[in-house]
Amino acid sequence: MPEAPAFAGEQGAATWPGLINPDGTRWHYLDTAATAQKPQQVIDAMAHAMGRDYATVHRGVYARSADMTLAFEAARRKVATLIGGQENELVFTRGATEAINLVAQTWGVQNLKAGDRILLSTLEHHANIVPWQMLRERTGVEIDVCPITADGQIDLDTAERMLTPAHKLVSFAHVSNVLGSVLDARRAVALARSVGAKILLDGCQSVARLTVDVQALDADFYVFSAHKLYGPTGIGALWAKAEILDAMPPWQGGGAMIDRVSFDGTTYGPAPQRFEAGTPAIVEAIGFGAAVDFVNAQGLPAIHAHETALVAKAREALQAFNSIRLFGPEDSAGILSFAMEGVHPHDLGTILDEEGVAIRAGHHCAQPLMAHLGVPATARASFGIYSDESDIAALVRGIERTKRIFG
């Protein structure tokens, strides 16, 4: 398996134009968990799709429309194959957030009622909390929260004790967007199965660094976004077992999702067509497929090894500061959150920006987790395929400057 490429002179600049400052210097981008930079391969694929190849999909009878339709559906096939699924199981959405809302407002409304229960965890992103709360308001379903362990893992031992036959859904992050902790997904699925519950996995932080096989996992739903996978914003995916998708009602009505329409009534197309009303994000889907090609060419095991090594080095470097508290497990996947005594993360982020280092500072759409950690916010450094040790060195220099400023 090839090594994940680090940034290297002109070759790096040619591949990652977003990492070059206007003066030609390197931008130390450590916010990949929020959104990944785009390789030139993805940019070129989208530019061609927007320009020389552009046409609508599915309904045009002319040759270019047919060609674009083939490319669009090829992208769906690539995205589905990335996680071990089939193309008829893969719905394009605007992102993981929309995918979770789609499940909540279709499968959830159809299958959950007052007295049923959903199990979430303390570390979930707001996108895996709020849609279920909205469903609770609509149906009366109850929500339980599984705690996390001292090192930031979802506590599956406690989950096992909490789960009952009343639980109809378990919805967990595969990798925490704050702590980088990796769920034992196989065990989580087994626990859900033991009480007859379905399971949804939030794969936003996992698909760009872990090998995922939804068939082997026996998951029911898997969601993720393209922009964290080195692809474009505005598009993501819902994967679900074919029999589940086929039984789910449509969510939005309009063109493309129908079979026949009359004023007497409408019949709907099959999944995934039934869930993709309107003209789709054609150019973004092409970019999504190109991003999958790029990641596959590097090799997910190599990417994961590269990022894990960088996190370990970053943890070691930050542990040298007595004023810094680290969060999450030692083996976190590509993400390191921390707090600096006496310095608000926003102030730290501002000073680091002056040093050419971009981190995330805030609650990271995980306010319940912040409350659990006892902090209003954290600083988060997150790595990608383009990250290298120079990013860690720049981060350390910025922290040292911050210490001098704040005394």
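The values are calculated or read from the model by the stated rules, or taken from the named source; none is laboratory data. Small disclaimer: the values here were computed from a predicted structure and weren't measured. Ideal geometry is used to build each Cβ from the backbone, glycine not excepted, and the neighbour counts take in all protein chains shown. For accessibility, only protein heavy atoms count, side chains too; no ligands or nucleic acids. Shrake-Rupley method; radii C 1.70, N 1.55, O 1.52, S 1.80 Å.
Candidate membrane-span-like segments in the chain, meaning DSSP H helices with Cα atoms spread over at least 18 Å of their own axis and a Kyte-Doolittle mean of 0.5 or above, are 282-298, with no membrane implied.
Helical runs assigned H by DSSP (4 residues or longer) give the chain a calculated mean residue ellipticity at 222 nm of -11500 deg cm²/dmol, each run adding -39500 (n - 2.57) before division by the residue total. Summing Cβ point charges (Lys, Arg +1; Asp, Glu -1) relative to the Cα centre of segment 1-156 gives a dipole of roughly 600 debye. Here is the P(r) of segment 79-221: all C-alpha pair distances, binned every 10 Å from 0, give 12, 44, 37, 7, 0 in whole percents.
Just checking the listed ones, Val214, Val357, Val109: in the Gaussian network model of the chain with Cα springs under 10 Å, the one fluctuating most is Val109.
Prolate is the label for segment 68-110. Its Cα gyration tensor axes, ordered a ≥ b ≥ c, give a/c of at least 1.5 and a/b above b/c. Protein-only accessible surface at a 1.4 angstrom probe places the residues Met68, Met162, Met134 in the order Met134, Met162, Met68, largest first. Beyond 40 Å, what share of the Cα-Cα pairs of the chain remains, rounded to the nearest whole percent? That tail contains 18 percent of the Cα-Cα pairs.
Computed over the alpha-carbon atoms, segment 221-269 gives an Rg to Rh ratio of 1.11, Rh here being the Kirkwood radius from the mean inverse distance. Dipole magnitude for the chain: about 520 debye, using +1 per Lys or Arg Cβ and -1 per Asp or Glu Cβ, origin at the Cα centre.
Expressed in units of 2.2 N^0.38 Å, where N is the residue count, the Cα radius of gyration of segment 239-391 is 1.52. Take the chain with all the other protein chains still there, run a 1.4 Å probe, and you get 41 Å² of accessible area per residue. Kirkwood analysis of segment 15-121, using all unique Cα-Cα pairs, places the hydrodynamic radius at 17.8 Å. Taking all protein chains as present, what is the carbon and sulfur share of the accessible area of the chain, in % to the nearest whole number, probe 1.4 Å? Answer for the chain is 52 percent, counting heavy atoms of protein chains only.
Distances between placed amide hydrogens fall under 5 Å for Thr93 paired with Gly236, Ala237, Leu238, all partners being 5 or more residues away or on another chain. Counting only protein chain heavy atoms and rolling a 1.4 Å probe, the accessible areas of Phe263, Phe406, Phe224, Phe92 rank, largest first, as Phe263, Phe406, Phe92, Phe224.
Sum up the charges of everything whose Cβ sits under 9 Å from the Cβ of Ser337, counting Lys and Arg as +1 and Asp and Glu as -1, but leave Ser337 out. It works out to a net charge of +2. Largest accessible area first, the residues Arg186, Arg136 order themselves as Arg186, Arg136 under a 1.4 Å probe with ligands, DNA and RNA left out.
In square angstrom, rounded to the nearest 10, how much accessible surface does Val396 have for a 1.4 Å probe? Rounded to the nearest 10, the figure is 30 Å². Computed from label points 7 Å out along Cα-Cβ, the spacing between Ala393 and Glu160 is 4.7 nm. Computed over neighbours whose Cβ is under 10 Å from that of Ala159, the net charge equals -2, Lys and Arg +1, Asp and Glu -1. Per-residue surface analysis assigns Arg59 an accessible area of about 130 Å², computed on protein heavy atoms at 1.4 Å probe radius. Above 19 Å, the calculated P(r) of segment 215-300 contains 52 percent of its Cα-Cα pairs. Ellipsoid fit via the Cα gyration tensor, segment 293-349: semi-axes of 28, 13, 8 Å, each the root of five times an eigenvalue, largest first. Between Thr122, Thr378, Thr81, the residue with the greatest mean-square fluctuation in the GNM of the chain (Cα pairs under 10 Å linked by springs) is Thr81.
Look at the dipole of the chain built from charges on Cβ: of Thr139, Phe275, Ser337, the Cα furthest out on the positive end belongs to Thr139. Here segment 136-195 is treated with +1 on each Lys and Arg Cβ and -1 on each Asp and Glu Cβ, and its dipole about the Cα centre works out to around 300 debye.
In this structure the amide hydrogen of Leu169, modeled in the peptide plane, comes within under 5 Å of the amide hydrogens of Arg117, Leu119, Lys198, none closer than 5 places in sequence on its chain. For GluC sites (Glu not before Pro), no site in segment 193-294 is both called loop by DSSP and has at most 12 other Cβ atoms within 10 Å.
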